[in-house]
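Input: a single structure, listed below in structure tokens.
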Amino acid sequence: MRVPILRQGACLIASVQDSLSDAELRELQQRLAEQVGERAVRGVVIDVTVLDVIDSFATRTLSTITSTLRLRGAAVVIVGIQPEVAFAMVQLGLTLDGVPTALDLDAGLTLVREAGAP
């Protein structure tokens, strides 16, 4: 798996390093859901800073990951969506409704902590 998942306190940080295939996105979803329970995690930050494209499948999967992890008891924030990616997503009608986002990792960790993760 090309997405390292690091623990910082009661939070996990998943840092996407490169574009992911559909199978890799599903694997990320599975790994995060498992680790939230196994590691008693209260918050997850998914860093997509390096992505120059977020297609409809990736958007839908990020939304699903967020919903899944919330059901497992973790707050989730997506960070690092680049301006060009945001423009393209809006033009294509792709949204992350209900998914908290932040500019960078520091802001994402702050949001997760405000949502109740220590």
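The values are calculated or read from the model by the stated rules, or taken from the named source; none is laboratory data. A quick note: this is a predicted structure, and the numbers were derived from the prediction, not measured. Note: ideal-geometry Cβ built from the backbone for every residue, glycine included; neighbour counts use all protein chains shown.
Tally time: how many residues in the range 25-50 are part of a helix (DSSP H, G or I) and either touching a residue at least 12 places away in the same chain (Cβ under 8 Å) or touching a Cys at 6+ places or on another chain (Cβ under 7 Å) (or both)? Steps first, answer last, please.
Here is the first cut: in the range 25-50, the residues part of a helix (DSSP H, G or I) are 25-38.
From the residues that got through so far, the ones that are either touching a residue at least 12 places away in the same chain (Cβ under 8 Å) or touching a Cys at 6+ places or on another chain (Cβ under 7 Å) (or both) too are 25-29, 31-33, 35-37.
Total meeting the criteria: 11.
May I ask you to list the residues in the range 45-97 that are of a type in the set (Asp, Glu), surrounded by 13 or more Cβ atoms within 10 Å (Cβ to Cβ) and at pLDDT below 95? Please lay out each step first, then the result.
Taking the range 45-97 first, the residues of a type in the set (Asp, Glu) are 47, 52, 55, 84, 97.
From what is left, the residues that are surrounded by 13 or more Cβ atoms within 10 Å (Cβ to Cβ) are 47, 55.
Within the range 45-97, just Asp55 meets the criteria.
For the range 70-95, give me each residue that is part of a loop (DSSP other than H, G, I, E, B), aliphatic (A, V, I, L, M) and under 15 Å from the mean Cα position of the chain (by Cα).
Result: Ala74, Ile81.
Give me the pairs, please: first residue somewhere in the range 4-24 and under 23 Å from Phe57 (Cα atoms) and free of Cβ contacts under 8 Å to residues at least 24 places away in the same chain, second residue anywhere and of a type in the set (Gly, Ala, Ser) and surrounded by 13 or more Cβ atoms within 10 Å (Cβ to Cβ), beta-carbon distance under 8 Å, and either six or more positions apart or on two chains.
Pro4/Ala14; Pro4/Ser15
Residue by residue through the range 68-86, note down the ones that are within 17 Å of Ile13 (Cα to Cα) and free of Cβ contacts under 8 Å to residues at least 12 places away in the same chain.
Arg70
What number goes with the only condition from (1) surrounded by 15 or more Cβ atoms within 10 Å (Cβ to Cβ); (2) assigned to a helix (DSSP H, G or I) that Ala14 does not pass?
Against the list (1) surrounded by 15 or more Cβ atoms within 10 Å (Cβ to Cβ); (2) assigned to a helix (DSSP H, G or I), Ala14 comes up short only on (2).
Restricting the search to the range 50-69, which residues are under 11 Å from the mean Cα position of the chain (by Cα) and closer than 13 Å to Ile81 by Cβ?
Ala58, Thr59, Leu62
Out of all the residues in the range 51-69, which are in a helix (DSSP H, G or I) and β-branched (Val, Ile, Thr)?
Correct list: Thr59, Thr61, Thr64, Ile65, Thr66, Thr68.
Inside the range 97-112, can you point out the residues that are more than 15 Å from Cys11 (Cα to Cα) and within 11 Å of the chain's Cα centre (by Cα)?
The answer is Val99, Pro100, Thr101, Ala102.
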